[in-house]
Amino acid sequence: MVSNLVLTDEAIQELNRVVIQRMEAHNSSTQDNARKLSLMYVVRFDDRGYRAFSAEEAWNYYKTANKLERLVFEAECPSGLQTNHMVGEQIQVRLDSAAQSASHIIVGGDSKDWVEATFSALESTLARHKSLATRLARTEWTGLVVQLTGVLIGVLLCLWLATMTAPYLKDVDYPRAVSFALWFLVYGNLWTYLQRLGMAAIANLFPNVRFSREGEHWTQRLIREGVKSLGIAIALSILALLSKWALSVIAPYIL
């Protein structure tokens with residue numbers, strides 16, 4: 001599996017050269033035409049998928065796509081196709097930008113040296129284009145951070161709402177505590193859906209594979225980065241305000 005990638009046009013061209021080099025290295029070592037590899041590309045964009053049998057055709061699809069969704073490099077031989085890859089060599093590099101998709105490298109064959117050299121070459125090529133931001137955003141701890149942040153914001157928000165609504169419950173014993181309990185009950189039921197939306201937003205903002213194409217207009221990049229920055233700024237501002245308010249409420253009981 002491959003993840004946390006930001007691939008520029010140059011990175012895609014470099015990957016294509018590596019696939020071709022490894023395919024030609026195998027083809028030059030065998031005289032059996034049934035074992036010779038042929039390269040094919042799959043380009044999915046704008047909710048449509050196309051197969052291409054030349055780099056020029058695939059590149060044309062790649063450059064003209066409005067929204068690029070998937071790019072696949074696939075080298076197969078007739079023997080592999082006839083035996084469902086039980087016999088023969090195979091190279092497949094699947095790069096999928098969908099939030100919940102799986103991108104991977106598959107290399108198979110009878111020659112251990114060729115398989116290991118091919119896999120290593122492909123893996124090291126992609127490893128040079130890892131994204132630190134995506135790696136930090138998509139970790140095993142992301143869910144915990146979202147959960148703790150949501151609970152903290154929920155408690156502060158419910159405290160503020162309880163303070164605002166407590167005067168309307170003046171005939172009830174401990175109106176602020178009762179109001180807080182009611183608001184926290186509401187928030188607790190909403191949080192399940194909010195957490196799901198939050199995780200989905202992180203997955204969309206930081207996909208495992210993102211194609212950074214030169215053809216993308218600068219305004220699109222500006223809007224995307226602006227939305228990310230604005231979202232972070234708003235979240236931090238709200239958290240700061242709620243924290244400041246909570247400290248002003250709790251301070252008299254501590255000091």
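Summary table below
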quantity: Residue in region 199-231 that is nearest to Leu144 (Cα to Cα), counting only those that are assigned to a helix (DSSP H, G or I) and at pLDDT 75 or above; calculated: Met199
quantity: Which numbered condition Arg196 misses (of (1) closer than 30 Å to Val6 by Cα; (2) at pLDDT 80 or above; (3) open to solvent by less than 50 Å² (accessible area, probe 1.4 Å)); calculated: (3)
quantity: Members of region 121-139 found to be hydroxyl-bearing (Ser, Thr, Tyr) and open to solvent by 30 Å² or more (accessible area, probe 1.4 Å), listed by number; calculated: Ser124, Thr139
quantity: All positions within region 41-99 that are in contact (Cβ under 8 Å) with a residue 40 or more places away in the chain, charged (D, E, K, R) and surrounded by 15 or more Cβ atoms within 10 Å (Cβ to Cβ); calculated: Glu89, Asp96
quantity: From the options Leu247, Leu185, residue that is open to solvent by 70 Å² or more (accessible area, probe 1.4 Å), at pLDDT 85 or above and more than 30 Å from Val6 (Cβ to Cβ); calculated: Leu185
quantity: Filtered residues of region 58-99 (kept if out of contact with any strand residue (DSSP E or B) (no Cβ under 9 Å at 6 or more places or on another chain) and of a type outside the set (D, E, K, R)); calculated: Ser79, Leu81, Gln82, Thr83, Asn84, Met86, Val87, Ala99
quantity: Options Thr165, Thr118, Thr142: the member that is open to solvent by less than 60 Å² (accessible area, probe 1.4 Å), touching a Ser or Thr at 6+ places or on another chain (Cβ under 6 Å) and of a type outside the set (Gly, Ala, Ser); calculated: Thr165
quantity: Verdict on Tyr174 being open to solvent by 60 Å² or more (accessible area, probe 1.4 Å) and more than 32 Å from the chain's Cα centre (by Cα); calculated: yes
quantity: Unmet criterion (only one of (1) assigned to a helix (DSSP H, G or I); (2) farther than 27 Å from Asn208 by Cβ) for Thr30; calculated: (1)
quantity: Odd one out for Leu148, checked against (1) part of a helix (DSSP H, G or I); (2) in contact (Cβ under 8 Å) with a residue 24 or more places away in the chain; (3) not β-branched (Val, Ile, Thr); calculated: (2)
quantity: Tally of residues being closer than 21 Å to Thr125 by Cβ and either assigned to a strand (DSSP E or B) or touching a helix residue (DSSP H, G or I) at 6+ places or on another chain (Cβ under 6 Å) (or both) across region 56-96; calculated: 16
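The values are calculated or read from the model by the stated rules, or taken from the named source; none is laboratory data. All values derive from a computational prediction rather than experimental measurement. A quick note on method: Cβ atoms are made from the backbone with ideal geometry, for glycine too, and the neighbour counts reach across all protein chains shown. These area figures cover heavy atoms from the full protein model, side chains too; ligands, DNA and RNA do not enter into them. Shrake-Rupley method; radii C 1.70, N 1.55, O 1.52, S 1.80 Å.
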